1. Looking for something outside any helix (DSSP H, G or I) and more than 7 Å from chain B (Cβ to nearest Cβ) - is there at least one such residue anywhere in segment A:92-110?
2. Could we say that A:E122 is assigned by TED's automatic domain parsing to the domain that holds A:K142, open to solvent by 40 Å² or more (accessible area, probe 1.4 Å) and without any contact (Cβ under 8 Å) to a residue 24 or more places away in the chain here?
3. For segment A:23-32, does any single residue satisfy the condition of being of a type outside the set (D, E, K, R) and either within 14 Å of the chain's Cα centre (by Cα) or assigned to a helix (DSSP H, G or I) (or both)?
4. Tally up the residues in segment A:33-74 that are within 14 Å of chain B (Cβ to nearest Cβ), β-branched (V, I, T) and either in a helix (DSSP H, G or I) or surrounded by fewer than 15 Cβ atoms within 10 Å (Cβ to Cβ) (or both), please.
5. Against the condition free of Cβ contacts under 8 Å to residues at least 40 places away in the same chain and open to solvent by less than 70 Å² (accessible area, probe 1.4 Å), how does A:S215 come out, does it pass?
6. How about segment A:75-90: which of its residues are within 19 Å of A:G15 (Cα to Cα) and either more than 10 Å from every other protein chain (Cβ to nearest Cβ) or not in a helix (DSSP H, G or I) (or both)?
7. Being among the basic types (K, R), assigned to a helix (DSSP H, G or I) and more than 7 Å from chain A (Cβ to nearest Cβ) is the requirement here; does B:K129 meet it?
8. When you check B:G13 against the structure, is it more than 13 Å from the chain's Cα centre (by Cα), in a loop (DSSP other than H, G, I, E, B) and at positive phi, yes or no?
Protein chains: 2
Amino acid sequence: MKYELYYWPEIQGRGEYVRLALEEAGAAYVDVARGPRGTAAMMKMMEAQKGTPPFAPPFLKAGKLVIGQTANILLYLGSRHALAPKTEAGKLWVHQLQLTITDLVVEIHDTHHPLGPSLYYEDQKPPAKKRTAEFWSERVPKYLGYFEQLLSENGGAYVTGRKLTYVDLSLFQIVAGLRYAFPKRMTAFEADIPGLVALHDRVAARPNVKAYLASPRRIPFNEQGIFRRYKELDN
Amino acid sequence: MKYELYYWPEIQGRGEYVRLALEEAGAAYVDVARGPRGTAAMMKMMEAQKGTPPFAPPFLKAGKLVIGQTANILLYLGSRHALAPKTEAGKLWVHQLQLTITDLVVEIHDTHHPLGPSLYYEDQKPPAKKRTAEFWSERVPKYLGYFEQLLSENGGAYVTGRKLTYVDLSLFQIVAGLRYAFPKRMTAFEADIPGLVALHDRVAARPNVKAYLASPRRIPFNEQGIFRRYKELDN
């Protein structure tokens, strides 16, 4: 079976956490909306009047199943591709961590869209500056400090210990994204999170991830996604 | 086994989705932080240096397991108390819907805290007005319209059909909360969501929920929680 991933074709966005999991697993998949008429196919599935239409991308078609919500897709893939522990307690723990990353991703998006997702960034620059200042003074230390501590306490190469999970892939993306969006702020902050920086490098060096990052399948960061580089927010 | 729920003692907040599930299920639980020295016990668990400390409340202690993140707790309780379908596809579907409600809850919180959770509402009133306007013009119709359509298409009493799931309990809370926070706006909007209004009433009339709502265990809505009544945002 070949998975079908449905996500916006021009951004990493929330789809990237799923792409990273599929790539690390070496799973066969099509990134549907990046192909001909793919976006139309995606919209059609969301507008379905019957069954289980997803509220928003990303969603994954796995045989007859259509699974929406990033963390839910990872919950599903984690069990099938050894990207999560096998025990129920282990599964719940990595899912809990992924949901904490989900919360962080919303807050990252809010740095440039504090007045809501329907307005342009250009129409909310002053509040974006305030929100970004609060994000870096209060929220980044709290979130990344939490994951840094888990890494150092567990003493392993990955957040849950010796084995990589989808959470590690997502944390790689968080570090890479914050480096892209806030190069100055992140450079200054990295001294506080040596474990996460090492984790980023360890994930990037895994053969499947490395090949993916060097391929055209990895969409470059840009100012349409979650992580946006706006000079005025990075100082 | 008696569950231990850990959540802020003075608000409904995100803990309420868990409380509603425990109450509907008739499960034995202690709302730990509402008892003597309970908040200190909660903080201690979050500050644990070892193991699997939660990032934030709510979290549920179930025997030796400590489960964090609202939707993750419901995923766990859903399987154990017949508040979710038994099939894997069904479980993933209701979890997906719960994660969509989670996204909505973040956006509800952002109406009064667009500049971030660490600042007071009083310090962000003008952006809160803008965010609230966008929330009601764009986001409420999109989110509630989605659930309204699911209800009308499935033709059942509940979102997935004949049987109540934890998603129905959460949608009850969304309707109740929006009525509390935005009485004028919600009154005008309810004509568009007859199915959700009927669902709200159906859930409120279930014996266990009804008894809970009439008990002191149900904390009243107030201006410290997710749903806050600020007159200047409701017009």
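The values are calculated or read from the model by the stated rules, or taken from the named source; none is laboratory data. No experiment lies behind these values; they were computed from the predicted model shown. Heads up, the Cβs are rebuilt from the backbone with ideal geometry, glycines too, and the neighbour counts pull from every protein chain shown. Surface accessibility is based on the protein's heavy atoms, side chains included, excluding ligands, DNA and RNA. Shrake-Rupley method; radii C 1.70, N 1.55, O 1.52, S 1.80 Å.
1. First pass over segment A:92-110, keeping only residues outside any helix (DSSP H, G or I): none.
No, there is no match, as no residue in segment A:92-110 is outside any helix (DSSP H, G or I) and more than 7 Å from chain B (Cβ to nearest Cβ).
2. Values: assigned by TED's automatic domain parsing to the domain that holds A:K142: yes; open to solvent by 40 Å² or more (accessible area, probe 1.4 Å): yes; without any contact (Cβ under 8 Å) to a residue 24 or more places away in the chain: yes.
Here the answer is yes, as A:E122 does meet what is asked.
3. Taking segment A:23-32 first, the residues of a type outside the set (D, E, K, R) are A:25-30, A:32.
Retained after the next criterion (residues that are either within 14 Å of the chain's Cα centre (by Cα) or assigned to a helix (DSSP H, G or I) (or both)): A:25, A:32.
Yes, the conditions are met somewhere in segment A:23-32.
4. 2
5. Working: free of Cβ contacts under 8 Å to residues at least 40 places away in the same chain: yes; open to solvent by less than 70 Å² (accessible area, probe 1.4 Å): yes.
Against the criterion (free of Cβ contacts under 8 Å to residues at least 40 places away in the same chain and open to solvent by less than 70 Å² (accessible area, probe 1.4 Å)), A:S215 qualifies.
6. Within segment A:75-90, the subset within 19 Å of A:G15 (Cα to Cα) is A:75-81, A:83-84.
The answer is A:L77, A:G78, A:R80, A:H81, A:L83, A:A84.
7. Numbers: among the basic types (K, R): yes; assigned to a helix (DSSP H, G or I): yes; more than 7 Å from chain A (Cβ to nearest Cβ): yes.
So B:K129 fits the description; yes.
8. It is false that B:G13 is more than 13 Å from the chain's Cα centre (by Cα), in a loop (DSSP other than H, G, I, E, B) and at positive phi.
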